[in-house]
Amino acid sequence: MRQKIPNIHEQILEAKGNGQKLLAILLDPDKIVWENLDHLLLKISQSPATHVFVGGSIVESTILEELVAALKQKTNLPVVIFPGNPSQISPQADAILFLSLLSGRNPDYLIEYQVQAAPILKKTNLEVISTGYILIESGNETAVARVSKTKPLNRENFGLVLATAQAGEMLGNKLIYLEAGSGAQKTVPLEMIGLIAQNVNIPIIVGGGIVDLHGIQNAYNAGADLVVIGTAFENDSHFFES
């Protein structure tokens with residue numbers, strides 16, 4: 001198994017400074033068809049992805065470990081844990097997004113799960129990347145909203161979303177993640193992405209509801225530094241060949 005890839009956050013910052021756009025494929029271990037895993041990993045290696053995110057709203061840790069191990073063995077991309085709760089930690093990964101759900105007021109997702117995870121993370125060599133996670137209303141109830149028992153921010157209230165992102169930056173978050181949610185009917189509004197990108201200095205991640213290459217490019221043009229593709233790639237491993 002290859003060695004860990006160091007300084008992922010610094011690489012994201014450098015890419016932002018150079019105007020290089022990044023792309024992550026999000027894999028939910030619970031949705032993987034394991035018989036097709038080798039084919040899936042081959043398609044990831046052949047894709048323009050720069051990172052692989054691993055996680056989901058409800059994931060068994062043993063399955064997570066198996067998927068991370070396979071990714072580390074058969075791809076050269078950074079493997080970043082995108083956790084739904086403290087059980088989703090794999091020491092084999094390269095980094096973890098240390099998420100705080102800034103859009104909600106459920107204390108479990110603001111600080112409690114982070115407190116539970118901290119002692120575990122201190123025993124690993126994972127790069128911990130503090131990330132302000134902001135859920136945006138997308139036309140349907142997503143798994144994030146359902147599991148976290150929080151409401152997304154109104155997609156028309158740009159001022160509140162901006163203030164939330166700025167608060168996250170002031171609190172010391174290294175990244176801001178604007179999320180429409182898995183299987184979202186509507187993506188994060190492009191004007192909203194632009195507003196956030198123009199008024200915070202840290203990198204912006206955008207995910208949820210993007211179903212084609214045109215959608216990825218639109219998010220980039222609006223100001224996203226890193227775009228996440230999940231459901232669309234899960235449904236079609238030839239996504240990037242279209």
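In this structure the amide hydrogen of S130, modeled in the peptide plane, comes within under 5 Å of the amide hydrogens of F98, K174, none closer than 5 places in sequence on its chain.
DSSP assigns beta bridges within the chain; of those with both partners inside it, close to 0 percent run antiparallel. Computed over region 1-63, the convex hull of the alpha-carbon atoms projects to a mean area of 5.6 nm². Here the contact order of region 105-220, divided by its residue count and restricted to Cα pairs under 8 Å and six or more residues apart, works out to 26 percent. In sequence order, region 150-160 has phi-based couplings of 10, 9, x, 6, 4, 5, 9, 9, 4, x, 5 Hz under the Karplus curve 6.51 cos²θ - 1.76 cosθ + 1.60, θ = phi - 60°, and Gly or Pro positions carry x. Remark on F53: its backbone amide H falls under 5 Å from those of I25, L26, L27, V80, a criterion applied only to residues 5 or more positions apart or on other chains, H modelled at 1.01 Å from N. Our analysis of region 154-241 gives Rg over Rh at 0.98, with the two radii drawn from alpha carbon positions and Rh computed by the Kirkwood formula. Pairs of Cα atoms nearer than 8 Å and 6+ residues apart set the relative contact order; for the chain it is 18 percent. Along the axis of the charge dipole computed for region 1-50 (Cβ charges of +1 for Lys and Arg, -1 for Asp and Glu, origin at the Cα centre), the listed residues I44, L13, V33 are led at the positive end by L13.
Determine the distance separating the Cα centre of region 62-122 from the Cα centre of region 176-209; give it in Å without decimals. One Cα centre to the other: 21 Å.
The heavy atoms of F239 present about 10 square angstrom of accessible area, all protein chains included, probe 1.4 Å. The share of Cα pairs per 10 Å bin across the chain, counted from zero up to the longest distance, runs 8, 35, 40, 17, 1 percent. Counting only DSSP H runs of at least 4 residues, each contributing -39500 (n - 2.57), and dividing by the residue count of the chain, the helix-based mean residue ellipticity at 222 nm comes to -11000 deg cm²/dmol. In vacuum, with every alpha carbon of region 110-150 counted as one equal point scatterer, what does the Debye formula give for log10 I(q)/I(0) at q = 0.21 Å⁻¹? Two decimals, please. Results for region 110-150 at q = 0.21 Å⁻¹ read -0.82.
The values are calculated or read from the model by the stated rules, or taken from the named source; none is laboratory data. The model shown is predicted, which means the values in this text are computed figures rather than measured ones. Counting neighbours? That spans all protein chains shown, and the Cβs are built from the backbone with ideal geometry, glycine included. What goes into the accessible areas is simple: the full protein's heavy atoms, side chains included, and nothing from ligands, DNA or RNA. Shrake-Rupley method; radii C 1.70, N 1.55, O 1.52, S 1.80 Å.
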